[in-house]
Amino acid sequence: MIRKSVLEWQSLQYGQGDNEIPKWAAERLSAVAKKSPLGGSGGARILVLGRDSLKAGQVVGVVAAEGCNLEILPKIDFPSGIEAASQRGLIRRRLIHLLAVALDIEIDAGSITPLGWQKDSVLEILIRLFSTKLADAVRQGMPRRYLHRQEDLRSLRGRLDVGRQFSALALNPSRLACRFDDLSTDTALNQIMKATIDRLSSLAKATENQRRLAELAFSYADVSTIPISELRWDDVQIDRTNARWKDLASLARLLLGSRFQSTSSGGEAGFSLLFEMNTLFEQYVGRMLRRALAGSDLTVHLQGGRLFCLESVDSGRGLFQTKPDILIKRGGEVVQIIDTKWKKISARIDDEKQGISQSDVYQMMAYGQIYRPTSLILLFPHHAGLSDPPGVFGDFKIPLSPMHLLASTLDISESHGVQDNLRKLVNVGLALPES
């Protein structure tokens, strides 16, 4: 089995070395990427099959094909002096944290040792977190519900279905058409858990994960096996009696949902577990902002607004709907718009534009014209190549307008301090004097 790891936007040369990938493996992985809905044209947003190398795009996660497995990790900078293997472990830890915040899942990763973060892929780590959490929940008892059943039995149970008894069973008096409620574990939630166990059992390579999944499969032996496409997600009811299953249901949806594609290419099985970093960064910042501003008079809205840029003179219909990443509101009034950009901002060297792209500015100008906030903020991830510390690095006045456009970076290499830094950023934007 060929197992390789690469950072987004980086390449693996073809070859047999430690930091190389055989061309046959690259071709199989590229074929799987082309099947993913996140891949764009020809899968290029995930992997690009070049003449001499395989290049990763901006979608991170795991792509696997027969005989090979590729992990794509986000480019998150850490202090210099940390060896490559340890940096990969730290990046995996941060990626899991980003996913947990974005999906509103409580994940206790304390049981994973530094060596585990270094040697296990993101997929194996997620399998371990899910299976460990599920095993703990099963030990406390699987959820049960009363299910309505209709069966033909030798003795009466519940109520007699008179209509069926004297029609379908008229010629078979030895059977009674019974209708009754049965306290059962064969519920939609347990069927989802079983489907996740079955899926992960075919993917897990780590011995400990395989063992734990096999034990869980035995616990779910009496639960019906339902195809993933037919699972009844809408029937899952999470309340105070089964609240501990909320995070497990979210993890199962992550591992079985639309971002987890089971594909085939040329008769060879493959799969992908992928996350678009633009979306993940936006969701992470939005949810951390909600925590940071909790208890204040400000509220955070993700992908809200939805106002139109234009209105047709003929029909009066709105055209070109806008969806700003993050709206900050006070009451019903939009006071700030934050647009997150998962890209490496250039270090400023005698550049008044400070590395900000023209298209990003045009987009923010449109938001400013439509929503009329106090300030607009472009937020980028901080990286080691910047001479400025994390925070605001550009303050621009907008001509003929009271608004300012701020450009800022956020350091996500550590979880502590993120909420405080986001709160400070919002306050800076709201305290700016009118132009």
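The values are calculated or read from the model by the stated rules, or taken from the named source; none is laboratory data. Just so we're clear, the structure is a prediction, and the values are computed from it rather than from any experiment. Methodologically, a virtual Cβ is constructed for each residue, glycine included, from the backbone with ideal geometry; neighbour enumeration extends over all protein chains shown. These accessible areas exclude ligands, DNA and RNA; they are computed on the full protein's heavy atoms, side chains included. Shrake-Rupley method; radii C 1.70, N 1.55, O 1.52, S 1.80 Å.
Checked against the criterion of being over 22 Å from L255 (Cα atoms) and not small (G, A, S), the stretch 58-66 contains not a single residue that satisfies it. Scan the stretch 100-128 for residues that are open to solvent by 10 Å² or more (accessible area, probe 1.4 Å), part of a helix (DSSP H, G or I) and within 16 Å of L200 (Cβ to Cβ) and the total you get is 2. Could you run through the stretch 275-296 and say how many residues are touching a Lys or Arg at 6+ places or on another chain (Cβ under 6 Å) and farther than 16 Å from L425 by Cα? Of the residues in that region, 0 qualify. Answer with yes or no whether I238 is closer than 27 Å to S272 by Cα and at pLDDT below 90. Considered against the rule, which asks whether it is closer than 27 Å to S272 by Cα and at pLDDT below 90, I238 comes out as no. Go through the residues of the stretch 98-117 one by one and say whether even a single one is closer than 30 Å to R179 by Cα and of a type in the set (F, W, Y). Checked the stretch 98-117: no residue is closer than 30 Å to R179 by Cα and of a type in the set (F, W, Y).
Filtering the stretch 23-42 to residues that are within 19 Å of the chain's Cα centre (by Cα) and without any contact (Cβ under 8 Å) to a residue 24 or more places away in the chain leaves G39, G40. The condition (being hydrophobic (A, V, I, L, M, F, W, C), open to solvent by less than 10 Å² (accessible area, probe 1.4 Å), on the phi < 0 side of the Ramachandran plot and touching a helix residue (DSSP H, G or I) at 6+ places or on another chain (Cβ under 6 Å)) is satisfied by just one residue among I228, I192: I192. Total residues in the stretch 351-392 satisfying the condition of being surrounded by fewer than 20 Cβ atoms within 10 Å (Cβ to Cβ), hydrophobic (A, V, I, L, M, F, W, C) and part of a loop (DSSP other than H, G, I, E, B): the figure is 2. Count of the stretch 1-22 residues, restricted to those that are without any contact (Cβ under 8 Å) to a residue 12 or more places away in the chain and surrounded by 15 or more Cβ atoms within 10 Å (Cβ to Cβ), is 1.
Condition first: in a helix (DSSP H, G or I), without any contact (Cβ under 8 Å) to a residue 24 or more places away in the chain and of a type in the set (D, E, K, R). Can you find one or more residues in the stretch 166-177 that meet it? Checked the stretch 166-177: no residue is in a helix (DSSP H, G or I), without any contact (Cβ under 8 Å) to a residue 24 or more places away in the chain and of a type in the set (D, E, K, R). Of all the residues in the stretch 23-69, those that are surrounded by 22 or more Cβ atoms within 10 Å (Cβ to Cβ), modelled with pLDDT of 90 or more and in a loop (DSSP other than H, G, I, E, B) number 1. One residue stands out in the stretch 129-165 among those that are hydrophobic (A, V, I, L, M, F, W, C) and part of a loop (DSSP other than H, G, I, E, B): the one that is farthest from the chain's Cα centre (by Cα), namely L156. Kindly check whether there is at least one residue in the stretch 138-145 that is within 30 Å of I2 (Cα to Cα), surrounded by 14 or more Cβ atoms within 10 Å (Cβ to Cβ) and β-branched (V, I, T). Looking for residues that are within 30 Å of I2 (Cα to Cα), surrounded by 14 or more Cβ atoms within 10 Å (Cβ to Cβ) and β-branched (V, I, T), one finds none in the stretch 138-145, hence no.
Yes or no: the stretch 357-369 includes at least one residue that is within 24 Å of K397 (Cα to Cα), in contact (Cβ under 8 Å) with a residue 12 or more places away in the chain and in contact with a Phe, Trp or Tyr (Cβ under 8 Å, 6 or more places away or on another chain). Looking for residues that are within 24 Å of K397 (Cα to Cα), in contact (Cβ under 8 Å) with a residue 12 or more places away in the chain and in contact with a Phe, Trp or Tyr (Cβ under 8 Å, 6 or more places away or on another chain), one finds none in the stretch 357-369, hence no.
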